[in-house]
Amino acid sequence: MVNRTGEPEHRTPDREAPTNLPTPQTKLRQSDRLRRNPPIKQEPREENELQMLRRMMLNQQEMMQRQQESMQRQQETVQQLAQQVNLLSGQASTANTPATVQENPEQEAQQEEEDREIDSEDELEEFVGNLIDTNTRTGRAITQFMKITKTVRKPMTLAGASNYLAWSKAILKVARQVDTEKIILERQETSPRPETSKISQYWNVQNKWLHGLIDSTISAQAREHFEESDSLSAYKLWEAVRTAFQERPEIQRESLFTELIRMTPQSAGSERNYIMRFLAIRVECERLGFKIHDYILHDILKANITPRWREFIQNRFDMACQSGANLPEKDLEGLLKDILHRIPKKDQKKRGS
């Protein structure tokens with residue numbers, strides 16, 4: 001076979017040609033290709049795995065270092081707190097007094113109320129000391145009254161509307177024990193007998209003591225809700241507190257009527273206390289515009305009074321029917337005062353002895 005150049009083409013048989021040896025033209029083409037596109041140098045697989053392990057170890061070391069730093073900061077914080085606790089406990093132990101390191105507002109308010117009570121008692125003692133003459137009947141009565149007031153227990157503290165009802169009952173109970181509740185129930189701003197100097201003298205002592213009692217049981221928080229009067233009238237102070245914290249009239253009426261139905265001489269403490277509280281509830285209901293008919297009150301009284309006074313009421317009823325006089329249920333107030341007059345004053349005799 002002859003090529004286009006006219007030179008004979010020498011070919012070796014295909015089965016004898018070495019296929020694994022590159023020809024000069026192939027080498028030239030490969031070298032030219034390598035110059036244009038140099039191959040990316042690939043690291044051995046073993047070197048890649050070693051580098052990966054090194055990076056993992058470095059990451060773990062960094063994490064451990066951060067954890068150690070965090071733990072160190074926590075330990076420093078705990079040590080600082082422990083130092084503060086030790087400092088506070090050391091101050092408390094070295095003080096060795098019942099007072100706390102820092103008083104809270106409630107303790108300060110309580111201390112203020114106690115100081116107010118002490119001042120009130122001191123003023124009353126000075127007032128009475130300058131007022132009475134123990135050689136006179138009035139002076140001896142005032143002295144006896146002051147002795148009785150020292151035996152009564154101070155009622156609860158008024159916090160606000162939440163415990164006003166219980167507080168008012170407690171004040172009236174204490175006032176009843178020393179026979180001063182009439183100042184509140186009868187709304188006495190001044191002496192009921194101003195023309196009689198002896199009665200006015202005795203009333204002034206009672207009023208000043210009752211004012212001090214009410215004033216000493218009002219918390220600082222409760223005082224923010226009403227304006228105090230310059231007057232030392234116990235009733236005016238009572239009325240100012242009542243106006244600020246009393247419940248709605250319908251709730252008061254329901255509460256008073258429930259108390260009236262459930263009250264007994266045993267729950268009131270004595271027959272005398274029961275009758276006096278019965279009268280007070282009747283007056284309070286009328287003041288609230290809640291008129292309870294006397295025949296209803298008469299039935300409640302007969303149901304709850306002790307047997308001897310129940311028999312007394314029935315005998316009065318039978319006598320009125322026979323004589324044609326007014327029935328006891330038509331003059332309930334007179335009946336209650338008659339019973340009150342007949343009950344012996346055992347409690348007062350015991351206190352006086």
Taking segment 174-228 as the region of interest, how many residues are in a helix (DSSP H, G or I) and either in contact with a Lys or Arg (Cβ under 8 Å, 6 or more places away or on another chain) or touching a residue at least 24 places away in the same chain (Cβ under 8 Å) (or both)? 29
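For (1) under 40 Å from the mean Cα position of the chain (by Cα); (2) at negative phi; (3) aromatic (Phe, Trp, Tyr), each residue gets a yes or a no:
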residue: ARG272; (1), (2), (3): yes, yes, no
residue: ILE300; (1), (2), (3): yes, yes, no
residue: ILE305; (1), (2), (3): yes, yes, no
residue: TRP309; (1), (2), (3): no, yes, yes
residue: ILE313; (1), (2), (3): no, yes, no
residue: GLN322; (1), (2), (3): no, yes, no
residue: GLY334; (1), (2), (3): no, yes, no
Determine the pairs where a residue that is under 13 Å from ALA280 (Cβ atoms), located within segment 249-263, has a partner that is basic (Lys, Arg) with Cβ atoms under 7 Å apart, the partner being 6 or more residues away or on another chain. MET263/ARG277
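Kindly state which helices (runs of 4 or more DSSP H) lie completely within segment 288-353 and contain at least 2 residues that are at pLDDT 80 or above. Can you show your working first?
Values: elements: 294-304, 307-323, 332-342, 346-352.
Hits in segment 288-353: 294-304, 307-323, 332-342.
Identify, please: which residue in segment 145-170 is aromatic (Phe, Trp, Tyr) and touching a residue at least 60 places away in the same chain (Cβ under 8 Å) and is, among those, nearest to PHE278 (Cα to Cα)? Show your work before the answer.
Step one: list which residues in segment 145-170 are aromatic (Phe, Trp, Tyr), which gives 145, 164, 167.
With the extra rule that they be touching a residue at least 60 places away in the same chain (Cβ under 8 Å), the set shrinks to 145, 164.
Values: PHE145: 25, TYR164: 20 Å.
Result: TYR164.
The values are calculated or read from the model by the stated rules, or taken from the named source; none is laboratory data. Predicted model, so just to flag it, every value in this text is computed and none were measured. Don't worry about glycine lacking a Cβ; one is built from the backbone with ideal geometry, like all the others, and counts go over all protein chains shown.
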